[in-house]
Amino acid sequence: MLAELSSMRKRPSQPTSENRILELLERRYSAKSPLLEKGIGDDAAVFRPRAAKEYWLVTTDALLEGIDFRREWTTPRRLGRKAISVNLSDLAAMGAKPLFFTVSLALPRGVSERWILEFHKGTTEPEVCKGAQLIGGDLSSSQSGIIISITALGESLNRKVLYRCGGRPGDLLYVTGVLGRSAAGLKLLRSGGIGSRSRAGREALKAHRTPEPRCEAGIWLAQCGLVHCMMDLSDGLSVDLPRMCRASGVGAEIRLADIPVFAASAGWNCDPAELALHGGEDYELLFAAPRTKARLLEESYPSGFPRITRIGELNRDVGKVRLKEAGGKIRTLRERGYDHFRAESSGLDSGPQQKLRE
């Protein structure tokens, strides 16, 4: 303990990364209860109330004006949709059915009653909230822009929950959907293309402003019995995949040519591969399945869901993630996705995704 305290005194007071803060909190506040299945360290906490048949899951997410969104780039209704969607994505990542949510708002002067009602209308649209019901929250004033915090609760089905920590060497890695679309939408917004008329532009802007949580796919993947671990992609593949590897005690190798990129972004002076690896805010699912069950998984996966793509596999090189490029060159994948506390990605105009998690 004395050595640990001495080490803490030597560290700079400025947090170095989200992962570092989470490690400190998990080490010091690791809750223990017969009701708790999973605390700090996954997409959501998991517990089982007394006499309950199913597990309950709880997650929370905050959106801050100037860091996560700009009012001039969105509408209150769109912002409401996004605020609830990023929470439901955490439930989807563990295979949970959304049940309830609360909304806390801190508002500066000048925000109208109509803005507040439109925001809540966005959070409660049936096709967006996936059946979850608004049951409370909090209101406060703010001197530094709008602050949004949503807490969502979900329920397991048949007590089946997927965690980040179940991956095994030899498992195949998959993602749902397309990666890099949201980051491409952010690029358009920064360049003034708020009302892009092209089909690809509208698609990118929609992905960034109003992402769709993969709730149905997440539940199916948890129920099918063919998947070992899963999480959602919120900060970028280059950041989230190492988190899965650390939780599972494995390493990974992914193939650049197999990653489903948003090719249209090349027309906006973007590198589709860079956006797919580091852009973030895709809210797609990343999961691993045993090689022996891969064919059954791919053949039985519902055609009406977002497509799944095999991008690599897990291995025994604990904590190491490598990228196989065209021509066969293999290099270590740097964690260049978004991190609130990393110096080069600290706000709207910095970092690979250069944050707006709008």
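Assorted remarks:
- Checked against (1) under 25 Å from TYR55 (Cα atoms); (2) within 17 Å of the chain's Cα centre (by Cα); (3) surrounded by 20 or more Cβ atoms within 10 Å (Cβ to Cβ); (4) not aliphatic (A, V, I, L, M), GLU216 passes all but a single condition, namely (3).
- Selection status of THR309, within 13 Å of VAL178 (Cα to Cα), under 23 Å from the mean Cα position of the chain (by Cα) and of a type in the set (S, T, N, Q): yes
- Only strands (runs of 3 or more DSSP E) whose full extent lies in the range 246-324 are considered here, and the ones with at least 2 residues that are in contact with a strand residue (DSSP E or B) (Cβ under 6 Å, 6 or more places away or on another chain), in the same structural domain as ARG197 (by TED's automatic domain parsing) and surrounded by fewer than 20 Cβ atoms within 10 Å (Cβ to Cβ) are 251-255, 308-315, 321-324.
- Count of residues meeting criterion [closer than 16 Å to VAL321 by Cβ and not hydroxyl-bearing (Ser, Thr, Tyr)] in the range 247-273: 12
- Given (1) touching a Leu at 6+ places or on another chain (Cβ under 7 Å); (2) under 27 Å from THR59 (Cβ atoms), number of the condition THR151 does not satisfy: (1)
- Residues (farther than 8 Å from ALA252 by Cα and of a type in the set (D, E, K, R)) located in the range 317-328: LYS324, GLU325
- Some residue of the range 56-79 being in contact with a Lys or Arg (Cβ under 7 Å, 6 or more places away or on another chain), part of a helix (DSSP H, G or I) and closer than 27 Å to ALA247 by Cα: no
- Across the range 97-124, the qualifying residues are those that are charged (D, E, K, R) and assigned to a helix (DSSP H, G or I), and the one among them that is nearest to the chain's Cα centre (by Cα) is LYS121.
- GLY41 crowded, with 16+ Cβ neighbours inside 10 Å and modelled with pLDDT under 90: yes
- Output for the range 33-55, where each listed residue is under 24 Å from GLY167 (Cα atoms) and either out of contact with any strand residue (DSSP E or B) (no Cβ under 8 Å at 6 or more places or on another chain) or not in a loop (DSSP other than H, G, I, E, B) (or both): LEU36, GLU37, LYS38, ILE40, GLY41, ALA45, VAL46, PHE47
- Applying a threshold of 7 Å to beta carbon distances and a minimum spacing of six or more residues, or different chains, the list of pairs starting in the range 278-303 at a residue that is modelled with pLDDT of 95 or more and ending at one that is among the aromatic types (Phe, Trp, Tyr) and in a helix (DSSP H, G or I) reads PRO302/TRP220.
- Meets criteria (basic (Lys, Arg), at positive phi and surrounded by fewer than 23 Cβ atoms within 10 Å (Cβ to Cβ)) for LYS130: yes
- Annotation note: Cβ proximity below 6 Å between a residue of the range 89-114 that is acidic (Asp, Glu) and a residue that is assigned to a strand (DSSP E or B) and buried (at least 17 other Cβ atoms within 10 Å of the Cβ) (sequence gap 6+ or interchain) occurs for ASP90/THR59.
The values are calculated or read from the model by the stated rules, or taken from the named source; none is laboratory data. It should be emphasised that the depicted structure is a prediction, and the values quoted were computed from it without experimental measurement. Reconstructed Cβ throughout: ideal geometry from the backbone, glycine too, with neighbour counts over all protein chains shown.
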